[in-house]
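A short reminder: the numbers here are calculations on the coordinates, not readings from a lab. Since this is a predicted model, take the numbers as computed values, not measurements. Every residue, glycine among them, receives a Cβ derived from its backbone with ideal geometry; neighbour counts consider all protein chains shown.
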Amino acid sequence: MFAYLHKCRGCILLVGEGDFSFSLSLSKQQPQLLLTTTCIEDDTPVKYKYAKQNINKLKEGGSNVIFEVDATSIESCELLKGKQFDVIIFNFPHTGRKARIQDNRKLLMDFFISASKFLVPDGKVLMTLCNGQGGTPADKPQREWFNSWQVVAMASYADLILTHTEEFVAEDFPEYSCTGYRGQGKGFNTEGAITHIFEKCPVRQEPAASPVLLHRGDRIFICPDELSVFARRNLLQDTDSPICEVYHRISERCTSMFNGLLIEESKEHDLIKEIKKECIQPFMYTLKEHNTKDASKTDEDARAIALDKDALQRDHTTEVKNKDPLVNISCNGGSSKKFENSKSCLDLNHQGTQFILSPSLLHFRPYQSDHKGETAKALVGPVFRRCPIGPEQFPITHELVLFLPENSCKHDSKEIVSSIISVVNPKIEIKFELLSIDSKEPTQFQECGEHEIAPETLQRLSDLQLENQKDQPSVSGSADLRKCLHPSKYHLMQQNIWVAAIRERCIELNFSSTYREVYNLVTVSLDTTFYEVGLAGIITSTTTLRSNIVIILNLDLLTMLCYNIDDVRLLWFQNTLLKRTTMHEISFISYSKFPPCYVRDLSFWVASAVVFPETQFFSIARDCCVDYIKSVNLIDVYKNEDTQCYSLCYRFVYQSCTSALCRSKVNRIHEYVVSKLVLCLGLELR
């Protein structure tokens, strides 16, 4: 706390003072501060031995001392009305008696709500608690969440987020004496006490009020709603982004390894691909063409969506209009109709061809002068794939693709990958797993798609009889069920996309009608974190015996490993990471520390003969929540033998890395999400 207060300037308000010894010590150490110090008593606190002389010294030094100030209702003090402070300090709050833990939580919540009204825009609230009371990892040891004062969650009711914690060392304030144990003149133990520093939430990154448009030649398309916040962000060129830093490290290594290598970054027109209707898969983002004649109607719909989402900030529950606000998602006439299959939900009824956001960089050709693939090439840019909601999964991913003639390489594919990843973090362990390929034909997905849950899958999952884990904020679902469903499906989809794109690339380059191919999955680990970050393969023509090395790397996951970032959303939302540059290294730390998690479960029925469109389920939830949702996992499947229907239970974990989330706001958000899912998918809730 001392280190932070040493930097403070401006007006400081202290509330809940006892004998005013802390205020006196602070005024002596920082005489430039304009101190206003208060207590709840109506006169000089006679129960504190040195209170009177401390007050006199404060007044002599120019500090303002005010009595009868309730820290939970500062606005009721006439002398403080209209005042604004740079810092508000509340040390060791307590209800003043032996009280239930809920009473102290309410004390904190009411104080934060009141104090936030007296802060300047960039003001801070400092609250010091005894060791263990806060319930954050800063406490040593950390108490269980339900047995703490939940200081971060209480501050969220005032739209305050925790940005920093410091150890409180009483010896740093020589005049300070810790008194006031349970409202008495007794001392208490301050060893291990923690000062929590809160700030107002930064300006939230809202979705665009009008549709975000993407261009391909003279054609204009509407960006899917769930991507509209991110579509225009070029993280590869944003010097404040950790992805940019990792990309430049890797690009420097690649250019030093391969003479003459040019790395081309994809442009907007490269991101849109035209494909045949029958080739569209559930993981693809189909695009709706923008009609300028209907622009006014589109803007009106967009404003309605913005108003609908803005209702999440209000205290009443949103009444959902009978329409679907999501681009590229068909409601099938509203909530009265159930979904019939995954294709009906993906708007696949267009004839001929359809435009999609490209799921692979290999779908465009930047080097038109080289038709035979005889020179080294490198592509970098974003790719777009519908995916589950989780801390490691995001619908936009930055990938680097190397397409290298084997005769131009001094090393094999594994050595090249190891050399590239070593510049990200030399401590990363790399493993290569041979990928089995059964067919030389481009990989095809099953009819229901790799992210749709077919009836036979439901039967298999219901047979597991997994136990539902209730009311644990740190638990995002059953590990066994996630292992057999989400990661395996998502990784299989990703592998298929990579292999299919490589084969398509070979055809475009007239590589050969027949070829041998060997692929290795690249898995990296650091401590206990494991990521599947890419593919390393070699393709050999059976006629010319010419070979090419293909390497695909996920820059986002490598960035997360490099800077110990545990949530992919931190890479995308503004005001989430602070960049720190020293003489020897660049680091990134989370702006919001220890944001609370809230768990909500959703159960609904699925008919035994129906394919559940899980991909769209995730897209709707992600679009509704923007940055509020951390993960959604299927945690339980139950079969009703009488009706032959399946009950699916999904666990929603809400946590924001950009905003203050309190329990009441989460309740409103979850109600909004559920109403949208019912409206768009016609879910029958349990």
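Hey, what did segment 1-113 get for relative contact order, percent, Cα under 8 Å, at least 6 apart?
Numbers: 164 pairs, mean separation 33.6, N = 113.
Dividing the mean separation by the residue count of segment 1-113 yields 30 percent.
Once R0 is set to 51 Å, what does the formula 1/(1 + (r/R0)^6) return for the Cβ-Cβ distance between residue 42 and residue 667, expressed as a FRET efficiency to the nearest 0.05? If you can, show how the numbers build up before the last one.
Details: r = 39 Å, r/R0 = 0.77.
Rounded to the nearest 0.05, the efficiency is 0.85.
Which of rounded, prolate or oblate describes segment 1-133 when judged by the alpha-carbon gyration tensor and an a/c cut-off of 1.5? List each step's numbers first, then the result.
On the way: a/c = 1.38, a/b = 1.14, b/c = 1.20.
Rounded, since a/c falls under 1.5.
Describe numerically, in nm with one decimal, the distance between label points set 7 Å from Cα along Cα→Cβ at residue 600 and at residue 172.
Placing both labels 7 Å beyond Cα along the Cβ direction yields 3.9 nm.
Give 267/431; 49/83; 630/665; 124/665; 7/98 a once-over and call out the pairs whose C-alpha atoms are over 25 Å from each other. Spell out each step's value before the answer.
On the way: 267/431 32 Å; 49/83 31 Å; 630/665 15 Å; 124/665 23 Å; 7/98 36 Å.
Over 25 Å apart, Cα to Cα: 267/431; 49/83; 7/98.
List the residues whose amide H sits under 5 Å from the amide H of residue 399, counting only those 5 or more places along or on another chain, with H placed 1.01 Å from N in the peptide plane.
Here 381, 383, 555 satisfy the definition.
What does the net charge come to around residue 569 if you take all other residues with beta carbon closer than 9 Å to its beta carbon, with K and R at +1 and D and E at -1?
On the way: positive: 630; negative: 567, 627.
Around residue 569, the charge tally is -1.
Could you pull out which residues in segment 141-159 have an amide N less than 17 Å from a spot 7 Å beyond the Cα of residue 240, following the Cα-Cβ vector?
none
Report, largest value first, the span of the C-alpha coordinates of segment 550-686 along each principal axis, in whole Å.
69, 47, 22
Calculate, in nm to one decimal, what residue 191 and residue 279 gain on full extension: separation in residues at 0.36 nm each, minus their alpha carbon distance. Mind dumping the intermediate values first?
Details: separation 88, 0.36 × 88 = 31.68 nm, distance 6.47 nm.
Extra length from residue 191 to residue 279 when fully extended: 25.2 nm.
Among 10-23, 221-234, 411-424, how do they line up from the highest to the lowest mean number of other beta-carbon atoms within 10 Å? All intermediate terms of the calculation are to be shown ahead of the outcome.
Details: 10-23: 24.3, 221-234: 20.1, 411-424: 17.9.
For the peptides 10-23, 221-234, 411-424, the packing ranking is 10-23, 221-234, 411-424.
Over segment 602-649, what is the mean sequence separation of C-alpha contacts under 8 Å (at least six apart), divided by residue count, expressed as relative contact order in percent?
Details: 43 pairs, mean separation 25.3, N = 48.
Over segment 602-649, the number comes to 53 percent.
Within segment 68-162, which GluC sites (Glu not before Pro) sit in a loop by DSSP and count at most 15 neighbouring Cβ atoms inside 10 Å? Can you show the working numbers first?
Numbers: sites: 68, 75, 78, 144; in loops: 68, 144.
Those that pass, being in a loop and sparsely packed, are 68, 144.
Mind checking which of 604, 662, 634 is farthest towards the positive end of segment 597-686's charge dipole, using Cβ charges of +1 (Lys, Arg) and -1 (Asp, Glu) about the Cα centre?
It is 662, whose Cα lies furthest towards the positive end.
Compute the signed sum of charges (Lys and Arg +1, Asp and Glu -1) over the other residues within less than 11 Å, Cβ to Cβ, of residue 44. Please list the in-between numbers first.
Numbers: positive: 47, 52; negative: 19, 41, 42, 43.
Around residue 44, the surrounding residues sum to -2.
Distance in nm between label sites at residue 248 and residue 263, each 7 Å beyond Cα in the beta-carbon direction?
Taking the two extended label points, one gets 1.1 nm.
Quick one: length gained pulling residue 256 to residue 83 fully straight, 0.36 nm per residue minus the C-alpha distance? Intermediate results must be reported in sequence, preceding the final value.
Numbers: separation 173, 0.36 × 173 = 62.28 nm, distance 5.97 nm.
Stretched out fully, the residue 256 to residue 83 stretch lengthens by 56.3 nm.
What relative contact order, as a whole-number percentage, does segment 501-616 give when Cα pairs under 8 Å and 6 or more residues apart are counted? Walk me through the numbers before you get to the answer.
Values: 123 pairs, mean separation 15.4, N = 116.
Computed over segment 501-616, the figure is 13 percent.
Using a Förster distance of 35 angstrom, determine the FRET efficiency expected from the C-beta separation of residue 70 and residue 140, and round it to 0.05.
Numbers: r = 32 Å, r/R0 = 0.92.
Efficiency computed from Cβ-Cβ geometry: 0.60.
Give me the distance in nm between label points sitting 7 Å out from Cα along the Cα-to-Cβ direction at residue 542 and residue 435, one decimal.
Between residue 542 and residue 435, the simple spin-label model gives 2.1 nm.
What is the gain in length, in nm to one decimal, between residue 684 and residue 643 on full extension, counting 0.36 nm per residue of separation less the C-alpha to C-alpha distance? Working shown, then result.
Working: separation 41, 0.36 × 41 = 14.76 nm, distance 1.37 nm.
So the extension gain works out to 13.4 nm.
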